[in-house]
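What follows is a short report on a single structure.
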Amino acid sequence: MPPLIDVVIPVLNEEKALPGCIESLTQFLQYNSPYDFRIVIADNGSDDLTPEISSSLSKEHPQVTWIRLEMRGRGRALKKAWSGSDADILCYMDVDLSTDLGAFPVLVKAIWEDRFDLAVGSRLMSHSVVRKRSTKREFTSRSYNILIKAMFMTKFSDAQCGFKAISKSAAADLLPLVKDQGWFFDSELLILAEKNGYHIKDIPVLWVDDPDSRVNVIKTARDDIKGLLRLRTRGLSEASKLLRHSRTQYNGH
């Protein structure tokens, strides 16, 4: 049976970008996805017209649904959308569509055909192409990923690219263990996955920086470092212990 794919778009006050995103994404998937898909708008606490626009888009496009969370946090939105899904492959991408959609079929193939547990877009591989990115953002991103490798000896190359997919079974195992509700969600998920034997596929992407990005680079970097220290001191070992216990119980039944 062919898989069902959920593509989650986490949004916070994206009344301007959201309609164009859904139009472009819907058209692309209709012509380029061999499998059934749904697009899920995950609104995490918007106080502009994003909720009204999300509702309107869900009525206009049969493949589009939306959920509303009153509390903010991109990780919280993704966890809610993915945990409540019955899809076989769970994906997400940023509303600005900075990652070229041409890599999406490769992302899905890595999960469904090649049997990877996670597939992640990478801006840092040799075949990746990155355009219009500031020196500050490039330096911060590369430094952060080097820090992850130094602390955890991981192999994935880009923890923060907003272009990822995970299998339903891996999500069921890992999502309950991820504690972060914000931007560190991606990093924590990938570190927990790799250190517990899940297979991750790095996919080079064409990525164009969004000049309207409102991400606070300094605050995000500070929170990411706090998250890494939490995982290093106790979080990773505690999560791995819970996962082993869960596997033991499952195998016992």
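The values are calculated or read from the model by the stated rules, or taken from the named source; none is laboratory data. Quick caveat, the model's predicted, so the values are computed rather than measured. Counting neighbours? That spans all protein chains shown, and the Cβs are built from the backbone with ideal geometry, glycine included. Keep in mind that these areas ignore ligands, DNA and RNA; they rest on the heavy atoms of the full protein, side chains included. Shrake-Rupley method; radii C 1.70, N 1.55, O 1.52, S 1.80 Å.
I'd like the FRET efficiency for V129 and K219, computed as 1/(1 + (r/R0)^6) with the beta carbon distance as r and R0 of 25 Å, rounded to 0.05.
0.35
Provide R115, R247, R234, R76 ordered by accessible surface of protein heavy atoms (probe 1.4 Å), highest first.
Descending accessible area places them as R115, R234, R247, R76.
About its Cα centre, what dipole magnitude does region 102-243 give when the only charges are +1 on Lys and Arg Cβ and -1 on Asp and Glu Cβ, stated in debye to the nearest 20?
Charge dipole of region 102-243: 400 debye, to the nearest 20.
Hey, what D do you get for region 98-253 in µm²/s if you plug the Kirkwood alpha-carbon radius into Stokes-Einstein at 4 °C and 1.567 mPa s?
Value of D from the Cα-based Kirkwood radius: 79 µm²/s.
Measuring with a 1.4 Å probe in the full set of protein chains, what accessible area per residue, in whole Å², belongs to the chain?
50 Å²
Convert 25 °C to kelvin, take the viscosity as 0.890 mPa s, use the Kirkwood radius over C-alpha pairs of region 29-101 as Rh, and evaluate the Stokes-Einstein diffusion coefficient in µm²/s, rounded to a whole number.
Once the numbers are plugged in, D ends up at 184 µm²/s.
Share of region 1-134's accessible area from carbon and sulfur, percent, 1.4 Å?
Taking all protein chains in place, region 1-134 shows 51 percent carbon and sulfur surface.
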